[in-house]
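Engineer: Submitted below is the structure of interest, expressed as structure tokens.
The values are calculated or read from the model by the stated rules, or taken from the named source; none is laboratory data. Computed from a prediction, not measured in an experiment: that's the story for all the values here. Positions of Cβ are generated from backbone atoms using ideal geometry, with glycine treated the same way; all protein chains shown enter the neighbour counts. Surface areas here come from the heavy atoms of the whole protein model, side chains and all, with no ligands, DNA or RNA. Shrake-Rupley method; radii C 1.70, N 1.55, O 1.52, S 1.80 Å.
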Amino acid sequence: MFKEKDTLIRQFLIALDIIVISVAFFLAFLLRSKFETLYTLNFIPSSRVISDFAVPLSDYLIVLFLVAPLYSFMLFINGMYKSMRVISFLEISWMIIKSVFFVIFAFAAFAYLLKLDFVSRVFFTLFIIISSVAILLEKAVIFNIMHYVRRQGRNYRRLLIVGTGRRANDFVDKLKCHPEWGFQIIGAVDFEQERVGKDFGEVKVIGTIYDIPHILHTRTVDEIIFVVPRSRLSEIQNYIYVCEIEGIKTTVAADFFDLKISHLRQEELDGVPLITFETTPARVWELFIKRTVDIIVSGLAIIVLFIPLLVIAILIKVTSTGPIFYLQKRVGLNGRRFILFKFRSMRKGAHRELSKLSAQNEMQGPVFKIKDDPRITPIGKFLRKSSIDELPQLMNVFVGHMSLVGPRPPIYREVRKYETWQRRRLSMRPGLTCIWQISGRNKIDFDNWMKLDLEYIDSWSLWLDFRILVKTIPVVLFGRGAY
């Protein structure tokens with residue numbers, strides 16, 4: 001039911017597996033190179049069962065470059081990077097075993113096609129055994145650490161429970177009995193006003209079902225769980241629709257509803273049948289590739305552009321007073337706030353002059369944009385026109401606050417003025433570029449901007465991301481719609 005959304009943890013697990021596999025590779029190579037010293041099979045004097053090992057390490061690196069990503073991908077396909085909240089260590093072990101078999105067969109095919117005849121079978125056997133045992137031990141450590149951390153109340157998902165009946169109470173009891181699953185119940189809502197302020201079990205009733213929109217706007221909610229009697233099913237559809245519009249993940253312990261936007265998935269939690277409605281894409285492997293591309297591209301871009309970025313930073317510093325970077329709180333996935341990095345393009349203290357310029361706003365809605373903003377510095381005008389001021393956001397992409405492609409991250413005061421249907425754009429990780437940016441940017445009015453973002457969310461695919469990135473290049477080069 002509850003797929004792990006913490007991208008940082010997923011990145012860490014994938015990177016750790018790659019490191020473990022790499023260490024296993026070098027250890028296997030060392031053991032194979034010293035094999036004759038450690039153990040020599042000379043039972044038949046005229047024949048050496050184990051041949052000499054004279055191939056240099058540089059030639060063997062192709063094995064690492066093939067097996068490491070292949071092994072990691074097979075672990076991913078078999079579900080290793082899904083949440084460990086409700087799976088057993090026996091299931092984890094089976095995932096590793098299945099992955100090993102796939103890796104062996106796949107590498108055999110690659111070795112044949114690429115004519116890797118020099119690869120020692122003894123070495124490859126050692127590599128597979130060492131890496132598999134090491135990954136199994138690594139997962140055992142992580143499994144126990146994560147369960148311990150969750151028992152301590154960390155790494156949790158914030159849930160709002162709808163319903164206070166017997167089934168809801170049983171459901172809450174299941175969660176309470178398994179703190180290692182990492183769920184934090186922020187409260188419950190009921191259908192009757194008389195229940196507000198009272199407890200059922202250890203959960204506080206914080207409002208009625210009619211208060212759900214207000215709760216979503218005032219509290220951090222990762223998911224809403226509807227556990228209601230069958231007789232109440234007809235009364236909750238409107239509130240599921242509210243969650244759908246705002247992009248909040250919704251799970252119903254009941255029959256399914258015919259919704260217009262959300263994707264339906266049926267899952268199970270300890271025997272409780274559940275139906276999940278998500279407005280954002282549920283294609284996990286594609287999202288995994290998207291995040292992998294984000295890390296690789298942003299990391300390489302930061303390295304390659306370091307000198308040009310340093311020159312720009314110096315120019316900003318010597319041409320105007322104030323800091324090099326403009327740090328601003330933005331709203332990201334499901335309302336999470338983060339610090340966005342930009343090169344400063346306005347004079348120091350420009351935010352204090354905003355009220356004086358509000359009457360000149362050229363955009364409808366809560367966004368403020370004017371073409372000839374008097375607060376912009378001479379070099380800042382160039383930075384904005386060329387979108388160079390946005391380049392520091394590569395760091396936001398690298399650490400997981402943003403993606404290369406996605407709806408642009410808004411500021412909090414804008415989000416507070418959103419209409420309900422506009423809040424659904426927060427249901428996907430914000431990005432450096434998007435459909436709005438390649439369609440005219442500031443030439444598009446606010447409502448159409450929001451519709452373009454929702455269009456991106458509803459039709460998302462890796463191919464769409466690629467097309468947007470390609471179309472972004474000429475837009476940035478020619479400064480279309482930027483000011």
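Engineer: Would you confirm, using the coordinates I've provided, whether residue 18 is at pLDDT 80 or above, among the aliphatic types (A, V, I, L, M), open to solvent by 40 Å² or more (accessible area, probe 1.4 Å) and in a helix (DSSP H, G or I)?
Structural biologist: Values: at pLDDT 80 or above: yes; among the aliphatic types (A, V, I, L, M): yes; open to solvent by 40 Å² or more (accessible area, probe 1.4 Å): yes; in a helix (DSSP H, G or I): yes.
Taking the combined requirement at face value, the residue satisfies it.
Engineer: Considering each of 80, 95 in turn, give the residue that is in a helix (DSSP H, G or I) and under 30 Å from the mean Cα position of the chain (by Cα).
Structural biologist: Only one candidate qualifies: 95.
Engineer: Here are 236, 224: which of them is within 14 Å of residue 168 (Cβ to Cβ), part of a helix (DSSP H, G or I) and either in contact with a helix residue (DSSP H, G or I) (Cβ under 7 Å, 6 or more places away or on another chain) or of a type outside the set (Gly, Ala, Ser) (or both)? Outline the logic, then answer.
Structural biologist: On the way: 224 fails: part of a helix (DSSP H, G or I).
So the residue among 236, 224 that is within 14 Å of residue 168 (Cβ to Cβ), part of a helix (DSSP H, G or I) and either in contact with a helix residue (DSSP H, G or I) (Cβ under 7 Å, 6 or more places away or on another chain) or of a type outside the set (Gly, Ala, Ser) (or both) is 236.
Engineer: Just to be sure I understand, how many residues within the range 98-127 are assigned to a helix (DSSP H, G or I) and either touching an Asp or Glu at 6+ places or on another chain (Cβ under 6 Å) or without any contact (Cβ under 8 Å) to a residue 24 or more places away in the chain (or both)? Talk me through it step by step, then tell me what you get.
Structural biologist: Narrowing the range 98-127 to residues assigned to a helix (DSSP H, G or I): 98-113, 121-127.
From the residues that got through so far, the ones that are either touching an Asp or Glu at 6+ places or on another chain (Cβ under 6 Å) or without any contact (Cβ under 8 Å) to a residue 24 or more places away in the chain (or both) too are 101, 105, 108-109, 111-113, 121, 125.
Looking only at that region, the number is 9.
Engineer: Over 15 Å from the mean Cα position of the chain (by Cα), part of a helix (DSSP H, G or I) and either free of Cβ contacts under 8 Å to residues at least 40 places away in the same chain or surrounded by 22 or more Cβ atoms within 10 Å (Cβ to Cβ) (or both): is that true of residue 452 in this structure?
Structural biologist: yes
Engineer: Residues in the range 429-446: is at least one open to solvent by 40 Å² or more (accessible area, probe 1.4 Å) and over 26 Å from the mean Cα position of the chain (by Cα)?
Structural biologist: The answer is yes, given that some residue of the range 429-446 is open to solvent by 40 Å² or more (accessible area, probe 1.4 Å) and over 26 Å from the mean Cα position of the chain (by Cα).
Engineer: If you don't mind, there's one more thing I want to ask. Residues being crowded, with 19+ Cβ neighbours inside 10 Å and either modelled with pLDDT of 90 or more or out of contact with any Phe, Trp or Tyr (no Cβ under 8 Å at 6 or more places or on another chain) (or both): count how many of those fall in the range 313-331.
Structural biologist: Total meeting the criteria: 2.
Engineer: Something else about it: Contact list please: Cβ distance under 7 Å, first residue in the range 170-193 and free of Cβ contacts under 8 Å to residues at least 40 places away in the same chain, second residue acidic (Asp, Glu), pairs at least six apart or on different chains.
Structural biologist: If the second residue must be acidic (Asp, Glu), the pairs left are 176/202; 189/211.
Engineer: Are any residues in the range 383-412 open to solvent by 10 Å² or more (accessible area, probe 1.4 Å), at pLDDT 85 or above and outside any loop (DSSP other than H, G, I, E, B), and if so, which ones?
Structural biologist: 388, 390, 394, 395, 398, 399, 404, 412
Engineer: Now for a different question. Would you check which residues across the range 79-90 are under 19 Å from residue 285 (Cβ atoms) and either touching a residue at least 24 places away in the same chain (Cβ under 8 Å) or among the acidic types (Asp, Glu) (or both) and list them?
Structural biologist: Within the range 79-90, 80, 81, 82, 83, 84 qualify.
Engineer: Out of the residues in the range 230-241 that are of a type outside the set (S, T, N, Q) and surrounded by fewer than 17 Cβ atoms within 10 Å (Cβ to Cβ), state the one that is nearest to residue 219 (Cα to Cα).
Structural biologist: In this case the residue turns out to be 235.
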